[in-house]
Amino acid sequence: MPIAYLINQYPKVSHSFIRREIQALERLGIDVMRISIRGWNEPLVDVDDLEERTRTRYVLRDGALAMVLATLKLCLTHPIRFLRALALEIRMARRSDRPLPVHLIYLAEACRIFLWLKRAGVTHLHAHFGTNSAEVAMLIHVLGGPPWSFTVHGPEEFDKPFAIGLAEKIRRATFVVAISSYGRSQLYRLVDHRYWPRIHVVRCGLDRKFFDDVPDRPLSARRLVCVGRICEQKGQLLLLEAARILAAKGVDFELVLAGDGEMRREAEAFIEQHKLTSRVRITGWISNDQVREELLAARVLVLPSFAEGLPVVIMEAMALRRPVISTFVAGIPELVIPGEHGWLVPAGDVQSLVDTIQNCIIASDNELSMLGQAAHHRVKYYHDSDDEALKLQRLFTRLSYPANIKL
């Protein structure tokens, strides 16, 4: 059963969950063709990502001429289908926040990928994210390509569902995956009730070796770690404000921001301005193994996000028996139960964050150990990559639309 995965940029430092999903499907005997729009020359730090790059085909790598030739070929050999795809793309562009020329590029990308899929005999195309990758997958199907589906992660898709035509994509897809019940509910809001049965929850997962090979490290250190892209939605600047307040109160702690991003300079300026350089460290992008080591060396993972899907790093911390401090946002409360696996605070509430970090720091080793152990069991039960891949495998075999739905 050859299938293809389409991602806007793959592999990527923050997309290890896609790699795990693909590899879990391959363990089930599914042949997965990896296709990425871009990313062949992006810096990578993880050995597994470097290996994945060698197995990935890149749509834009050969330049504009290859795209033009593929488009001309489809226009000449499948003129009616091509005109249908063109008409659809014009409609998508009318309500989009991107101009028509960008959407015409999506159509050219679809033409090129269509030819690859046809030659490879691919029976199903799955896109990750409901943005341009899902749009290209939709166009490929209109051109005569295989049945298609896509996974919605959030929060970006939920920030602008109408501009990206998310409802149109849901109506045209064979099935749609949300990574949490919260995500599914947001997709329900966009379409008529008759489309709800094609929206399914398949969670991001961790490999079983991630759960089984957990060294016994003490939780007594007063080190807090926050892992993720340094950007507005992850709330690192609020965490730094909490660090400033804690430092002013004389609380002993160390904070590690593991990651990089568009707001790194602003974060560094805040650290310098408030004399937190002895307490706060920014690592930049690091490999999965290095993230693992940072989590194992920490007392707790702190992720004060303003908007999320369901962060994989929370799963990783819980698998490593580390409690979590995060927010009541999106799918996070579905995994982290306050008092059982860590603490949740209202998003944007710096005083609650300060108080919770203090409570974590003064908590006994036994209390933290109990939280960490419960967290380990919960994430192992709900986020095993092999179990989740089996759900996808079953969905990939259900390729026909429900009989009561007409497009």
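Of all residues in region 246-263 being assigned to a helix (DSSP H, G or I) and under 13 Å from residue 280 (Cα atoms), which is nearest to the chain's Cα centre (by Cα)? Let's see the steps before the verdict.
Narrowing region 246-263 to residues assigned to a helix (DSSP H, G or I): 246-248.
Subset that is under 13 Å from residue 280 (Cα atoms): 246-247.
Values: 246: 32, 247: 33 Å.
Selected residue: 246.
Which residue is surrounded by the fewest Cβ atoms within 10 Å (Cβ to Cβ), if the candidates are limited to region 265-297 and must be hydrophobic (A, V, I, L, M, F, W, C) and either farther than 28 Å from residue 156 by Cβ or out of contact with any strand residue (DSSP E or B) (no Cβ under 8 Å at 6 or more places or on another chain) (or both)? It would help to see each step written out before you state the result.
Step one: filter region 265-297 for residues hydrophobic (A, V, I, L, M, F, W, C), giving 267, 269-271, 276, 280, 282, 285-286, 291, 295-297.
Next cut, either farther than 28 Å from residue 156 by Cβ or out of contact with any strand residue (DSSP E or B) (no Cβ under 8 Å at 6 or more places or on another chain) (or both) only: 269-270, 276, 296-297.
Working: 269: 10, 270: 18, 276: 17, 296: 17, 297: 15.
For region 265-297, the residue satisfying everything is 269.
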(message) Residue under question is residue 44, and the condition is that it be touching a residue at least 12 places away in the same chain (Cβ under 8 Å), surrounded by 15 or more Cβ atoms within 10 Å (Cβ to Cβ), in the same structural domain as residue 172 (by TED's automatic domain parsing) and part of a loop (DSSP other than H, G, I, E, B); does it hold?
(response) yes
(message) So residue 229 passes all but one of these: (1) of a type outside the set (Ser, Thr, Tyr); (2) in contact (Cβ under 8 Å) with a residue 60 or more places away in the chain; (3) part of a helix (DSSP H, G or I); (4) surrounded by fewer than 19 Cβ atoms within 10 Å (Cβ to Cβ). Which condition number does it fail?
(response) (3)
(request) Consider residue 27 carefully, then state whether it is in contact (Cβ under 8 Å) with a residue 40 or more places away in the chain and either closer than 21 Å to residue 142 by Cα or surrounded by 15 or more Cβ atoms within 10 Å (Cβ to Cβ) (or both). (result) no
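Hey, any hits in region 65-77 for a residue that's within 17 Å of the chain's Cα centre (by Cα), assigned by TED's automatic domain parsing to the domain that holds residue 121 and surrounded by fewer than 20 Cβ atoms within 10 Å (Cβ to Cβ)? Give the derivation first.
To start, the set of residues in region 65-77 that are within 17 Å of the chain's Cα centre (by Cα) comprises none.
No, that holds for no residue.
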(request) Of the conditions (1) closer than 20 Å to residue 204 by Cβ; (2) assigned to a helix (DSSP H, G or I); (3) not aromatic (Phe, Trp, Tyr), residue 84 clears all except one; give me its number. (result) (1)
(message) If residue 217 satisfies all but one of (1) outside any loop (DSSP other than H, G, I, E, B); (2) in the same structural domain as residue 325 (by TED's automatic domain parsing), what's the number of the condition it fails?
(response) (1)
(request) With respect to residue 319, determine if the residue is crowded, with 16+ Cβ neighbours inside 10 Å and on the phi > 0 side of the Ramachandran plot. (result) no
(request) Sort out which residues of region 270-290 are under 21 Å from the mean Cα position of the chain (by Cα) and small (Gly, Ala, Ser), and write them in order of number. (result) 284, 287
(message) Looking at region 99-138 only, could you name the residues that are touching a Lys or Arg at 6+ places or on another chain (Cβ under 8 Å), crowded, with 24+ Cβ neighbours inside 10 Å and over 21 Å from residue 159 (Cα atoms)?
(response) 111
(message) So, in region 63-96, exactly how many residues are out of contact with any Phe, Trp or Tyr (no Cβ under 9 Å at 6 or more places or on another chain) and within 13 Å of residue 113 (Cα to Cα)?
(response) 5
(message) What pairs come out if I take residues in region 139-158 that are free of Cβ contacts under 8 Å to residues at least 12 places away in the same chain and pair them with residues that are part of a loop (DSSP other than H, G, I, E, B) whose C-beta lies under 6 Å away, six or more apart or interchain?
(response) none
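The values are calculated or read from the model by the stated rules, or taken from the named source; none is laboratory data. Here the structure is a predicted model, which means the values were calculated and not measured. Cβ: placed from backbone, ideal geometry, glycine included. Neighbour counts: every protein chain shown.
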